[in-house]
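First comes the structure, then the notes that go with it.
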Amino acid sequence: MAISEWLDRREMTGFPTFSFEEVRKAFPTLSAQVISNELYRQNKLRRIQTVHKGFYTVVPMQYRDRGVVPPYNYIDQLMRHLRKPYYIALLSAGVLHGAAHQRPMKMAIMTTLPRLSAVNNKELYWCYRTELPKDLLCSTNSDTSIIQYSCAELTATDLVQYSQHIGGLSAAATVIEELSETLDFTKNGRRILQVSTLTTLQRLGYILEEITQNTTQAEILYSILSESGRQMKWSLLTSEGSDSNCTRNEKWKIIVNKPIEPDDIW
């Protein structure tokens, strides 16, 4: 059996991703160089795509023209290969929750430190936490596996905490507004408090109340913060800029040092 036939069989049996080592085990009589040459040829033919050094996916016919498979189809298998926990985050998670106004160019993947090296994939964008809150994750089916993504409340929190990765708080506010009907901090708010910074939640509360006019969720979040016993301190809305001659929001202890202008989504 040729490697090309082996690839066909992988695709037909529902296992389109594979590692270099799996090919070597399947073809023990072939040298590593011969296998590398053949995989390089199959890549050039857009039959397979390298999604990580030594890790590949077969390219289905519908994606053959571009030679690029949507990351949804291989991200779970890739992270298992890397032995790293993950969840789809930020704007990419927003899309999975139905917030499609801000469509990202790359899929944002949250994983744990230390940072990954030698992951040269133009379809993926990496963010890091010291630990992932597994109880705040949702799952859904892709074409090839089950994928994990942040719940609506964690998505909103991450959008604020990692706003520098998505173009700023205006972009974050746009998605948070689209998530309005999905958010329910009575369900996950106390857990969110454990995995986020107090400053992030102050900023989120301010955005919910003053920018997206979601006073219901803002009040729930405010009650959770008040009951926690953690005292809010004055914080800049954004780390960019100074606090001179700025409006101050007494309730959320936010120094409004930059305007937030979400896109009109209606």
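The values are calculated or read from the model by the stated rules, or taken from the named source; none is laboratory data. Just so we're clear, the structure is a prediction, and the values are computed from it rather than from any experiment. Methodologically, a virtual Cβ is constructed for each residue, glycine included, from the backbone with ideal geometry; neighbour enumeration extends over all protein chains shown. Note: areas computed on protein heavy atoms with side chains; ligands, DNA, RNA excluded. Shrake-Rupley method; radii C 1.70, N 1.55, O 1.52, S 1.80 Å.
Summary of computed values
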read-out	value
Part-to-part distance (alpha-carbon centres) for the stretch 87-129 and the stretch 191-266, which is given in Å	24
Using alpha-carbon coordinates, inclination of helix 3-12 to the longest axis of the chain, degrees	50
0 to 90° range, to nearest 10: angle between helix 32-44 axis and the chain longest Cα axis	60
Option label - Rg and Dmax of the Cα atoms in Å computed here, alternatives (i) 16.7, 52; (ii) 22.1, 74; (iii) 18.0, 53	(ii)
Lys, Arg +1 and Asp, Glu -1 on Cβ, resulting dipole of the chain about Cα centre, debye, nearest 20	1180
Cα-centre dipole for the stretch 143-227 with unit charges at Cβ (Lys and Arg positive, Asp and Glu negative), debye to 20	300
FRET efficiency, residue 8 to residue 180 (Cβ-Cβ, R0 45 Å, nearest 0.05)	0.45
Residue 53-residue 134 FRET efficiency (beta carbon distance; Förster radius 41 Å; 0.05 resolution)	0.90
Net length gained if the chain between residue 127 and residue 103 were fully extended (0.36 nm per residue, minus Cα distance)	6.9 nm
Per-residue [θ]222 nm for the chain (sum of -39500 (n - 2.57) over DSSP H runs n ≥ 4, rounded to 500)	-11000 deg cm²/dmol
Gain upon complete extension [residue 62, residue 36; 0.36 nm per residue less C-alpha separation]	6.8 nm
Filter on 84/253; 44/122; 53/84; 25/122; 106/187 - keep pairs with C-alpha separation over 27 Å	84/253; 25/122; 106/187
Helix 185-195 axis, angle to the chain major axis (alpha carbon atoms, nearest 10°)	80
The chain, accessible surface, carbon-and-sulfur percent (1.4 angstrom probe)	47
Modelled FRET efficiency - R0 51 Å, residue 239 with residue 27, Cβ distances, 0.05 increments	0.45
Normalised contact order of the stretch 123-266, rounded percent, pairs of Cα under 8 Å and 6 or more residues apart	21
Inter-label distance for residue 112 and residue 43, nm, one decimal - labels placed 7 Å from Cα along Cα-to-Cβ	3.0
Per residue accessible area in Å² of the stretch 90-150, where ligands, DNA and RNA are left out and the probe is 1.4 Å	54
Separation of the residue 198 and residue 142 label points, Cα + 7 Å toward Cβ, nm	3.9
Student exercise, the stretch 57-134 dipole from Lys, Arg, Asp, Glu Cβ charges, in Debye to nearest 20	140
